[in-house]
1. Exactly one condition in (1) modelled with pLDDT under 85; (2) under 21 Å from Pro193 (Cβ atoms); (3) not hydroxyl-bearing (Ser, Thr, Tyr) is not met by Leu320; state its number.
2. Would you tally the residues in the range 699-744 being among the charged types (D, E, K, R) and more than 21 Å from Pro771 (Cβ to Cβ)?
3. Within the group Thr1027, Thr1006, which residue is modelled with pLDDT of 90 or more, surrounded by 15 or more Cβ atoms within 10 Å (Cβ to Cβ) and hydroxyl-bearing (Ser, Thr, Tyr)?
4. Starting from the range 673-686, take each residue that is within 12 Å of Glu702 (Cβ to Cβ) and list its partners that are of a type in the set (A, V, I, L, M, F, W, C) and at pLDDT 75 or above, counting only C-beta distances under 9 angstrom and pairs at least six apart or across chains.
5. Right, Asp171: acidic (Asp, Glu), at pLDDT 80 or above and part of a helix (DSSP H, G or I) or not?
6. Which residue out of Ala72, Ala121 is more than 23 Å from Gly36 (Cα to Cα), of a type in the set (A, V, I, L, M, F, W, C), in the same structural domain as Ile20 (by TED's automatic domain parsing) and touching a Pro at 6+ places or on another chain (Cβ under 8 Å)?
7. Scan the range 401-413 and give yes if some residue there is surrounded by fewer than 16 Cβ atoms within 10 Å (Cβ to Cβ) and in contact with a Ser or Thr (Cβ under 9 Å, 6 or more places away or on another chain), otherwise no.
Amino acid sequence: MRARNWRDIGYALAEHLKVIVPFDRLTFTLVDPTTGLAEVLVAEGEIEGLTRTGERIPLEGTATGWVVQHRAPLVETEANYQTTQFELALRAGFRSRLAVPVEVDGRIVAVLVFHSRSPSAYALEHADRLRPLMLLVASALQRLSERWELEQALSQERTMRERLELLRRLDTLLLSDMPMPQVLQGFAKALRPFVPFDRLSLSIYDETTNREWLFVVWHDTATWDAREVSPMAPFGAAKQVMRTGQPLLRPHLDPAEFPAEAWLRERGFRSALVYPLPMREHFKATLNFSSRTPNRFTDEHIAFLNEIAEQVALALHALLSEAAEREHNENVRRLLQASVDLLAAHTVDDIVRVINRSLKALGIPPQVAIFVRFPDGVVRQAAETPEGLMWFVPHWLPQPIQPGATVMGDILLGRLSLFVTNDPINDTWGAEQQEWKRQLGDKAIKFGNAVVPMQGYTRVIGAIAVDFRESQRLISPQDELVQTLVTLANLAGLALENVWLRERMEQQLKETQILNDLIIHVTAGADWRHIAHKLVEQLPQVLPCDTASVSLLTEDGQHLEFVATYPAPPPGFPLGVRVPVTVGIMGYVVRTGEPVLERDVRTNPHYFAGRPETLSELCVPIRVGQKVVGVINLESRRLGAFTDAHLAFLQTLAAQLGTVMERAQLLQRQTELTQQLSAIFESVQEGIALVLTDGRLDDVNERFGELVGMPAAQLRNQPVDVLRTALLRRAADPTALQAALDATLNDFTQPHTDALFLTDPERIVERYCVPVWLPDGTLMGQLWVLRDVTEERRRQQEALRVERLRTLGELASGIAHDLNNALAPLLGSAELLRQHTDPEIRDLAETILHATEHAIGIARRLQSFYRATAASAHLPLNLNELVQDAIALTRPRWHDEALMEGVRILVETHFAEGLSVRGDAAELRQAFINILLNAVDAILERAKVTGRREGTITIATAREGNLAVVRITDDGIGMTEEVQRRAFEAFFTTKGERGSGLGLSTALATVLVHGGRIYLKSAPLHGTTVTVTLPSQQETAVAADPAEHPVEAPLPHWRILVVEDQAPVLQTVVLQLRRLGQEVLTATDGIEAWEILSKEPVDLLVTDLSMPRMNGLELTRRVHERFPHLPTVLMTGWGEAFREDELAALGIRAVLNKPVTLAAWQSLLRRLVSDNIHDGTTARR
């Protein structure tokens, strides 16, 4: 009961409890249910690897947690334990454990845990013995708790009063208008009673300026030491606290961890506390407490600082903001003064002196360099010397400036708006990086470096470069110093451009006079050679050149001829002499069309020394339209004599001179064009005539007269009635033609398209009439275009006849297919009945068999008819010509009829050369016609739906391996997935009564007969692409009936899966195969068959070709991918022919034409057995 705290209770229990309960280790844990933790006191038996005194442990998985959860004592042994923590005790050598709760007011507040190295040392009886003692422990803990709560309340009240007094004193200091040192010293003095320090300093970091200061306000007594330190250098503990934002207790100073603590240790300090202040905006700050006593600072001090940190941070922020505001106002004043001084400057040197003076006033370090890009394009650096301001060209800066070569170059070119770095060696490149390495040597230091452009009105005039290598200060683009530097640089740039602007205005007055004289000569119609002579005489008065010349390109384009020079031609090059365009800078300009401004001709590989004293040259092309016809060339004896401004002016002069030359050429070209147009007008195959609005025929070519039946000379300048009479005289239907002509001539503003049916001779002429508008919007008349389409219409009729014949053949094939399916059960049944024992039944079966075979013959002849229409003699064909024929034959549909419906369709072609296939030209042409007509219909349908009045059909041919490929793409209405699936079905159509449903099915049949494939890709409102592939060489079809190749081999005993959607046919095949001793599985479609194959072993697959849901080809494809060694036989009633490579690719061993005889099944099975024996494979999967 004399215990002062709960630890005293624990030690007292360890001293007296061994007589009641034996133990080798005793822990006393104080439970905090709100946090789920318990604080541990090891009263006896402290052991490495187990919980130690002072640790706070989670309740979960511990004996304490188990007792708290179950509110009962806990006994654990090595054979029976309930907590994972006991495993640690076992490894430490303990073999049994007892945990006993201590309850206060029904709540477990502590737990005694006994450990013994003896097995089964404890039982619940030990807990019963301890129960009276636990009541005393509970009472003592309750008494201590009440006393502690009272002391805490009194302590908190006292601390609150003291904290309020501290904050009041801080507010008083802030309101006193005292300087910052006195305010901070007063704060330190008021803080010492709460935090026992011997030294107090403040570390302050400003993120916007990237600067850091250290203010020492207490060192055994009040003091003041303010200095700027290297920003954010990883040296002292304050840097870490600023980064983490967490207080840092340093019970013992360790220079190995923080080098700055070596200085403190040398002066007798042994412990420290670094506390972060919650600063606002861009500031970070820490309070750095140091003591000469080890372990001087505790968590209680941190808790106290947490309570006042917000108010202290506000106060410190106010002090810093006030100081920053004063500095900012002073900088603004200095910038205003610099602006006034710059406006008063009259020369470039004056401006540089103002910049240097202003930078010193702003506190910029002496490491400053000023670069100016002069009008001649050369960049020079200013240097102040005792003799005055000097200019030199920096040796490390490549000139002329190239993009990406250096940072300075990119600043001057405007590619970088600002450059700020703290590592100039690694962040620069090229020659500039080498210069930094030369200056710094082996010093691997970081410091701020900024390059700021001097921006003028139109471009970057120069740059100011500063670096902080001496102070090693780091900077960022947001620093106020950098922003101030930007402002000063912009002011300097404007001042520089003002100086040069005055100089340029004087120059422009002279240039304007030359241009004015040139315009006067042009207006007066002077000869261009005379103008060239006047021009070269005046140029040396305006531009810094010693000689000027104008040279023209000869007709062969291989030489330049001097036509005007001043003061005299080069030695050895009199006027009229020709110089090859491969020689000199002038030749380079003519060849490339690019002007050349060469500041030092000695460095130009194209320079030709016509005048040895020449050092710089300016040459620009003279253009007529886009063609270079000559050059204007200026030369000077001075280096860098010419600038970009001189180049721009000379180009203007060249353009004016080109205009004069172009006028002369246009007059000549106009005469030539008139003659050419007349020849073209007469040579085209279409008849062309222009009907003026007053009813007269103006231009009429000879072809128009031929088509009308009247010489063109008799139609020109005649009333349109003469043309009307000539057409009506030959009209097959004069009334209809009269109506068509009236509709055309009554409204010249609308286009018209129709066909004229003429006689004597019989001819079909397409007529296109379109209005002709002048540029000012006036209607000039109506242009008539006549085209003879007689032969084209004949070919279209022939194509229609062929399509009808093919349709009949397909219908015949369909009938044969149905007959074959119907006859299959009869044939099979008759063959089985023929083996009956009753002679009468055998005779009857024989009769049925003969009748069935006769019907089969009829079906075979129908199939033969279809094959005759589907595949004729195959000859070598030009694929591109076939496609072009199809385009021409369908032109009335995609052009004329589409225009009549208000839709304009464009056909684009992209043909690969040398594409040849073998086949029937008429059939392949018809296939492409069908596809094109479908494309036209799709575009017209989309026009009805969306209102879009134009469309495009793109036709491309290509060679892909051994295949010739044709892709026909339209941007029409597109197809849904359902329509795509059925698109190739015969008689399926989406066009209602307008469609036959035979177009794509006919095309598919044709392409298949030719050994090709058709693929379809489409989406609604996104058009359709039809791809046709044809072999470049003719393929050989596979013989259909394996019965023709019998192989004498015993019949196998296989499990055969038969897939057939026609029930009678399926039943017949099953009976036939079972008669031959086979086990038969059946399926009515491909999907059902696939499910059976996934579950059952099968030796042979027999499938029909045409089935719902999944056809035979798709089934065989899947089977071959999944079961590549399973043989497959295809049955068909269509009589198709397949290529061997197609069958091999799908794993198909044979194709049987329906109906299949029993003998055919026997032959097939024997051949399959023979094949398996021969190739060594097994059929059963």
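The values are calculated or read from the model by the stated rules, or taken from the named source; none is laboratory data. Computed from a predicted structure; not experimentally measured. Here the Cβ positions follow ideal geometry from the backbone for every residue, glycine too, while neighbour counts run over all protein chains shown.
1. (2)
2. 6
3. Matching residue, one of Thr1027, Thr1006: Thr1027.
4. Phe681/Ile688; Glu682/Ala712; Glu686/Phe704; Glu686/Leu707; Glu686/Val785; Glu686/Leu786
5. no
6. Ala121
7. no
For (1) exposed (fewer than 15 other Cβ atoms within 10 Å of the Cβ); (2) at pLDDT 90 or above; (3) part of a strand (DSSP E or B), each residue gets a yes or a no:
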residue: Thr735; (1), (2), (3): yes, yes, no
residue: Gln738; (1), (2), (3): yes, yes, no
residue: Asp760; (1), (2), (3): yes, no, no
residue: Glu766; (1), (2), (3): no, yes, yes
residue: Pro771; (1), (2), (3): no, yes, yes
residue: Gly777; (1), (2), (3): yes, no, no
residue: Gly781; (1), (2), (3): no, yes, yes
residue: Trp784; (1), (2), (3): no, yes, yes
residue: Glu792; (1), (2), (3): no, no, no
